[in-house]
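**Student:** Handing you this structure, nothing more for now.
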Amino acid sequence: MINFVEKRKWFYIIAVVCMVIIFGTAVVLGVPMDIQFKGGSMITYSYSGDLSVSEVEEVAESVIGSVNVQESQDVASGIHSVVITVAGSESLTTEMHESLTQAMEERFPDNNIKIEETDNVDPTMGKEFFAKCLVAVAFASLLMVVYIAFRFRKIGGWSAGAMCVVALVHDMIWVFAAFLFLRIPLNDNFIAAALTILGYSINNTIVIYDRVRENKRILGGSTPLGELVNVSINQTLKRSVMTTVTTMIALVTVCVVAIVYQLDSILSFALPMIIGMLAGLFSSLCLAPELWVSWKERSASRAKKA
């Protein structure tokens, strides 16, 4: 049996060091933001034959400056397209659209280049959307605390819920890290992945808390909380690992399909999900229950001194 509670200090150190590295990287490299959050313009071109993304990027940058180019394919119709994204406070003018289209047609005369769609996002709207997304995440976390506090009120529900939120913040930071290290611009996929990971991670933690409650009933209230938590984690360890592995197999399959068919939007969701699943497994086994034990022990120590 693994003594998780005894090793909790090492888990805390690992988590803190990783957080420092993540935020340090964000400061040094900067955080890539999609136009949904930063504002800017997005132009979609369809084409036939083979097209080099690097050449498209070269053409676009010669006309409108720094851009991000993604290639995709409609599986149903088989139509290939490239999406040119320009982030910034100023939207592209009609003249710039026309100049870019002309440059694309001249550079790739045999690829039947056609402009399919143009979108402009105001930076103010992007910031408002990002703020609303953060509110949604915060509201979801609050509801989880209330749920855990009510369900596990007989074993100290509020403190258990609070420590769950700390672990969930850890998981969301790792989802952010996946976008940061892979240089995927933050977009609505970030919010979708973060909320999905919240659900998976909280479910694993709830299973452990439920086992703690059951073991307390079986072993008696005099059993130390650390011992109850340690036994409960080991009892649910196989279940938590297998659930995560099964989900990751599906996600890896999605990644392979996305790479084969060049579905960048799906890939930018599935890859952070894999990182988030691993972070969620770590936090549900090694952070949330152990933090709860530390909190309860410190509270008991203060009560004795008082």
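None of the figures in this text is laboratory data; all of them are computed from the coordinates on show. In this text, all values refer to a predicted model and were calculated from it rather than measured experimentally. Counting neighbours? That spans all protein chains shown, and the Cβs are built from the backbone with ideal geometry, glycine included.
**Student:** Compare the peptides 144-150, 205-211 by average per-residue count of other Cβ atoms within 10 angstrom and give them in order, highest first.
**Tutor:** 205-211, 144-150
**Student:** Angle between the Cα long axis of helix 53-64 and the longest principal axis of the chain, 0 to 90 degrees, nearest 10?
**Tutor:** Result, in degrees: 70.
**Student:** Rounded to the nearest 10 degrees, what's the angle between the helix 264-286 long axis and the longest principal axis of the chain, both from Cα atoms, 0 to 90?
**Tutor:** 10 degrees
**Student:** With a cut-off of at most 13 other beta carbons within 10 Å, and DSSP calling the residue loop, which trypsin sites (Lys or Arg not before Pro) in the stretch 149-201 qualify? Please list them.
**Tutor:** R183
**Student:** Also, I was wondering about something else. Using Cα pairs under 8 angstrom and six or more residues apart, how large is the relative contact order of the chain, in percent?
**Tutor:** 23 percent.
**Student:** Using Cα pairs closer than 8 Å and at least 6 residues apart in sequence, work out the relative contact order for the stretch 94-229, in percent.
**Tutor:** About 17 percent, as a whole number.
**Student:** For the stretch 40-121, what log10 I(q)/I(0) values come out of the Debye formula at q = 0.13, 0.22 1/Å, with one point per alpha carbon and no solvent?
**Tutor:** -0.35, -1.03
**Student:** Also, I was wondering about something else. For the pair E55/V260, report the inter-label distance in nm, with labels modelled 7 Å from Cα in the Cβ direction.
**Tutor:** 2.7 nm
**Student:** Also, I was wondering about something else. When all C-alpha to C-alpha distances in the chain are sorted into bins of 20 Å, what percent of pairs does each bin hold, rounded to whole numbers?
**Tutor:** All Cα pairs, binned at 20 Å, distribute as 28, 46, 21, 5, 0 percent.
**Student:** Looking only at GluC sites (Glu not before Pro) in DSSP loops with at most 15 other Cβ atoms within 10 Å, what is the longest site-free stretch of the chain?
**Tutor:** With a cap of 15 other Cβ atoms within 10 Å, the longest stretch comes to 91-306.
**Student:** Work out Dmax and Rg for the stretch 115-159 from the C-alpha atoms and quote the Rg first, both in angstrom.
**Tutor:** Taking only Cα atoms of the stretch 115-159, I get Rg and Dmax of 18.8, 62 Å.
**Student:** Please give the length that would be gained between D188 and W10 if that part of the chain were fully extended, namely 0.36 nm times their separation in residues minus their C-alpha to C-alpha distance (nm, one decimal).
**Tutor:** Gain on extension, D188 to W10, equals 60.7 nm.
**Student:** Here is a follow-up. Could you tell me how many degrees, from 0 to 90 and to the nearest 10, lie between the Cα long axis of helix 288-305 and the main elongation axis, the longest principal axis, of the Cα atoms of the chain?
**Tutor:** Around 40 degrees separate the two axes.
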